[in-house]
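The values are calculated or read from the model by the stated rules, or taken from the named source; none is laboratory data. Here the structure is a predicted model, which means the values were calculated and not measured. Cβ coordinates were reconstructed from backbone atoms using ideal geometry, including for glycine residues, and neighbour counts include every protein chain displayed. Surface areas here come from the heavy atoms of the whole protein model, side chains and all, with no ligands, DNA or RNA. Shrake-Rupley method; radii C 1.70, N 1.55, O 1.52, S 1.80 Å.
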There are 2 protein chains.
Amino acid sequence: MARYVFGADVGGTTAKIGLLTETGEKLDFWEIPTRTENHGEMILTDVAEAIRNKMKERNIDDSDVIGAGVGVPGAVNVDGLCYQAVNLGWENYNVVNEFHSKLKLPVKAGNDANVAALGEAWKGGGQGYPNMLLVTLGTGVGGGIINEGKILTGAKGSGGEIGHIHLVDDEVDACGCGNHGCFEQYASATGAMRIAKRMLAASSEDSVLRNGDFECKDVFDAAKKGDTLAVKIAEQYGYYLGKGIAITASVVNPEIIVLGGGVSKAGEMLFDLLMPSFKKYVFPGCASAKFALAKLGNDAGVYGAAKMMIQ
Amino acid sequence: MARYVFGADVGGTTAKIGLLTETGEKLDFWEIPTRTENHGEMILTDVAEAIRNKMKERNIDDSDVIGAGVGVPGAVNVDGLCYQAVNLGWENYNVVNEFHSKLKLPVKAGNDANVAALGEAWKGGGQGYPNMLLVTLGTGVGGGIINEGKILTGAKGSGGEIGHIHLVDDEVDACGCGNHGCFEQYASATGAMRIAKRMLAASSEDSVLRNGDFECKDVFDAAKKGDTLAVKIAEQYGYYLGKGIAITASVVNPEIIVLGGGVSKAGEMLFDLLMPSFKKYVFPGCASAKFALAKLGNDAGVYGAAKMMIQ
């Protein structure tokens, strides 16, 4: 008999929910609005109700459901305690207890970046590799460490929060976390733009990037087309990306490193850009790590949330 | 009925072996020589024989023994494959298969630094904390990451090899691994001596360290006695130590960080020395980590090897 599992990826605007088979076949993925009013007290009620409705619609009994995992935008410890999820209004909120009391099925909870990493390890760019590092290159840099097939959660749910490892000593700008010189100040989309603007200001070299406003994507597009200054910017970006990944890989020794997030749409050129500094800085015992691109896009969190229930 | 477990910590000169109860009570610890001739082919035979002899001596049946774990000085993957253990003469040697074929009891194997970390987590400085980072400050810097009570092995057994994370950009001296600016070039005993010699050469300030030869221990002893230059050297050492630990902690979010190895004999002054840079560089979500000193000394590996069998 088929057995089912649900995964939910709760964001500040919508919650993505998925119904999957236990082998990871995607049966039904849909979204509901995230109601953040009153400290987000209805969020998990809504997710639980959506799951219950789907079970009725498809005549799925409780006994056919392994459970439901949920990823949330905040640090979550192994007991399901979410210390803070600013975008949801939660503070010291036990996601596992609350979700279970509403859904009455087995549940698990994790940080959304970590859960997405598990999704990519299960069905995405890291499939087949029990030791994986996901590096998410978005507005910030997030990440997740999969160790022997499971999320490395850490003491307070900040395992894999690699965007804030220290990378550069003489940085004058502060990171969002308050420190100076964090990995994400260079390797995020925001970081790439910062590097681009600094290098454009420091040079008088011609570049298509000088023709009005540009976005992070334009830098890599221009570099692909051979714009000399854009190539230099992309190389500088790759230097920092490779250095940060090298340090992280030297701590946890992943078999594969998966790049996700908006910047990863630049594609395989990123591997060429990061490789010189990765090779320079990585501990030789960890240098054989493979690189891959994330495959699941916005579905990674739903897959990972479901996978939490099957291990 | 009492159940027993054996642990062995194999070094290049001797192998320490221990008989413990499954709750970690130390019943009998002893040493045998390590025979490294012929690519170390007799090493595990000798350890197995020593364990079998101990069982006979104490009338312990096979059914009373949970098994025997072994820590070795080289990277070991989750399948027990040791890629290289230079001091033992091994290369691509499956420790689990070989040890099991000789002992005929359940066995496990791990890298000695990782196994020592597990020992400290079980019965030493990290007791009671399932998420622990051990930093071993010896001739080099070793380490081990304990995640939810288990060793983080990594893809090729180099998980927790934190001595080789990149720390300093402008280092001219090469590290033993071939890279430049590795954590262990500053935070090991050798690193402390290097810092001391550099600072002595760069200053004309008076110091007891100028009275002939000195060792790493003398630097910290002089600092404790208020020797001004020795204090500056110790502070510089602490700066690097705190920075390297901060980066590592920001990746894996340990609840407690345990300092072991020869330099850790300087004691709690190390916490004061490392704290300013630890606080400066650590991701705020990981800043609440506790610090402690290792407690088991040379027994840590035996405890950890035994503990591998009980989880």
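Test of understanding: given chain B, find the longest segment containing no trypsin sites (Lys or Arg not before Pro) that are in a DSSP loop and have at most 15 other Cβ atoms within 10 Å. Maximal segment without exposed cleavage sites: B:105-224. Compactness of the protein assembly as shown was expressed as the Cα radius of gyration divided by 2.2 N^0.38 Å, which yields 1.02. To make sure I understand the rule: partners must be aspartates and glutamates, Cα under 17 Å from the Cα of B:Lys26, and not fewer than 8 residues away in the same chain. Which ones qualify? Straight-distance partners of B:Lys26: B:Asp9, B:Glu57, B:Asp64, B:Glu120, B:Asp299.
All other residues whose Cβ lies under 14 angstrom from that of A:Ala155 are scored, Lys and Arg at +1 and Asp and Glu at -1, for a net of -2.
By a 1.4 Å probe calculation restricted to protein chains, A:Met193 has an accessible surface near 30 Å², given to the nearest 10.
Computed from phi, the 3J(HN,Hα) profile of the range A:178-185 under the Karplus parametrisation 6.51, -1.76, 1.60 (θ = phi - 60°) reads x, 7, 10, x, 5, 3, 6, 5 Hz, with x in place of Gly and Pro.
The mean sequence distance of close C-alpha pairs (under 8 Å, at least 6 residues apart), as a share of the length of chain A, puts its relative contact order at 21 percent. Net charge around A:Glu41, counting only other residues with Cβ within less than 14 Å of its Cβ (Lys, Arg = +1; Asp, Glu = -1)? Once positives and negatives cancel, what remains is -3. FRET efficiency for the pair A:Lys224 and B:Arg194, taken as 1/(1 + (r/R0)^6) with r the Cβ-Cβ distance and R0 = 45 Å, rounds to 0.50. Please check which bits of the range A:53-96 a label hung off A:Arg35 would reach, taking the label as a point 7 Å along Cα-to-C-beta and the cut-off as backbone N under 16 Å. Correct set: A:53, A:88-90. Excluding ligands, DNA and RNA and using a 1.4 Å probe, chains A and B jointly bury around 3100 Å² of accessible surface, summed across both partners. Over the range A:40-159, with a single point scatterer placed on each C-alpha, what log10 of the ratio I(q)/I(0) does the Debye formula yield at q = 0.09, 0.11, 0.12, 0.22 1/Å? Ignoring solvent entirely, the Cα scatterers give -0.27, -0.40, -0.47, -1.22. Between their Cα atoms, which of B:Lys123/B:Lys232; A:Lys243/B:Lys307; B:Lys104/B:Lys307; A:Lys290/B:Lys243; A:Lys232/B:Lys243; A:Lys102/A:Lys156 are more than 26 Å away from each other? Too far apart for the 26 Å limit: B:Lys123/B:Lys232; A:Lys243/B:Lys307; A:Lys290/B:Lys243; A:Lys232/B:Lys243.
In the distance distribution for the range B:128-295, Cα-Cα pairs more than 29 Å apart total 17 percent. Think of it as helices only: each DSSP H run of n ≥ 4 in chain A is worth -39500 (n - 2.57), and spread over all residues that comes to -11000 deg cm²/dmol at 222 nm. In whole Å, what is the distance between the alpha-carbon centres of the range A:230-294 and the range A:159-191? So the separation of the two Cα centres works out to 16 Å. Look at the alpha carbon pairs under 8 Å that are at least 6 residues apart: their mean separation over the length of the range B:168-229 gives a relative contact order of 22 percent.
Each residue of the range A:79-85 is assigned a 3J(HN,Hα), and the resulting list reads 8, x, 6, 9, 5, 7, 10 Hz, derived from the Karplus form 6.51 cos²θ - 1.76 cosθ + 1.60 (θ = phi - 60°), x at Gly and Pro.
Rounded to two decimals, the Cα radius of gyration of the range B:74-134 over 2.2 N^0.38 Å is 1.27.
Each of A:Thr34, B:Thr139, A:Thr136 has its accessible area taken with a 1.4 Å probe; listed largest first, they run B:Thr139, A:Thr136, A:Thr34.
Centre-to-centre separation between the Cα atoms of the range B:118-151 and those of the range B:1-42: 19 Å. Roll a 1.4 Å probe over the protein heavy atoms and report the accessible area of B:His39 in Å², nearest 10. Taking all protein chains as shown, B:His39 has close to 140 Å². Between B:Ser101 and A:Gln127, the C-beta separation translates, for a Förster distance of 51 Å, into a calculated FRET efficiency of about 0.90.
Let me check against my output: what whole-number percent is the relative contact order of the range A:133-272, with C-alpha pairs under 8 Å and at least 6 apart?
Values: 193 pairs, mean separation 38.8, N = 140.
Relative contact order comes out at 28 percent.
How large is the Rg to Rh ratio of the range A:137-196 when both quantities use alpha carbon positions and Rh follows Kirkwood? Don't skip to the end; give the middle numbers.
Working: Rg = 12.7 Å, Rh = 12.2 Å.
Computed over Cα atoms, the ratio is 1.04.
Restriction of the GluC sites (Glu not before Pro) in the range B:1-53 to DSSP coil positions whose beta-carbon has at most 11 other beta-carbons within 10 angstrom yields B:Glu25. Under a model in which nothing but the beta-carbon of Lys, Arg (+1) and Asp, Glu (-1) is charged, chain A shows a dipole of about 500 debye around its Cα centre.
For the range A:261-268, the Karplus equation 6.51 cos²θ - 1.76 cosθ + 1.60, evaluated at θ = phi - 60°, returns couplings of x, x, 5, 5, 5, 4, x, 5 Hz by residue, with Gly and Pro reported as x.
Residue-level result for chain A: its Cβ closest to the axis carrying A onto B, with that distance in Å, is A:Val251, 2.
Of the Cα atoms belonging to chain B, the radius of gyration and Dmax stand at 20.3, 68 Å.
Think of the range A:128-295 as having a plus end and a minus end, set by charges on the Cβ of Lys, Arg, Asp and Glu; of A:Ala196, A:Leu133, A:Leu241, A:Leu133 sits farthest toward the positive end of this dipole. Per residue of B:276-288, other chain Cβ atoms within 10 Å of the residue Cβ number 5 on average. For the residues A:Asp170, A:Asp79, A:Asp64, a GNM of chain A with alpha-carbon springs under 10 Å puts the largest fluctuation on A:Asp170.
Shape verdict for the range A:245-311, please, from the Cα gyration tensor: rounded (a/c under 1.5), prolate (a/b greater than b/c) or oblate.
Taking the square roots of the gyration eigenvalues as a ≥ b ≥ c, the range A:245-311 is oblate.
A simple spin-label model places pseudo-atoms 7 Å from Cα toward Cβ; at A:Asp62 and B:Val168 they are separated by 6.3 nm.
The local environment of B:Ala289, defined by Cβ-Cβ distances under 12 Å, has a net charge of +2 under the rule Lys, Arg +1 and Asp, Glu -1. For B:Val76, nonlocal amide neighbours, meaning residues 5 or more places apart or on other chains whose placed amide H falls under 5 Å from its own, are B:Asn111.
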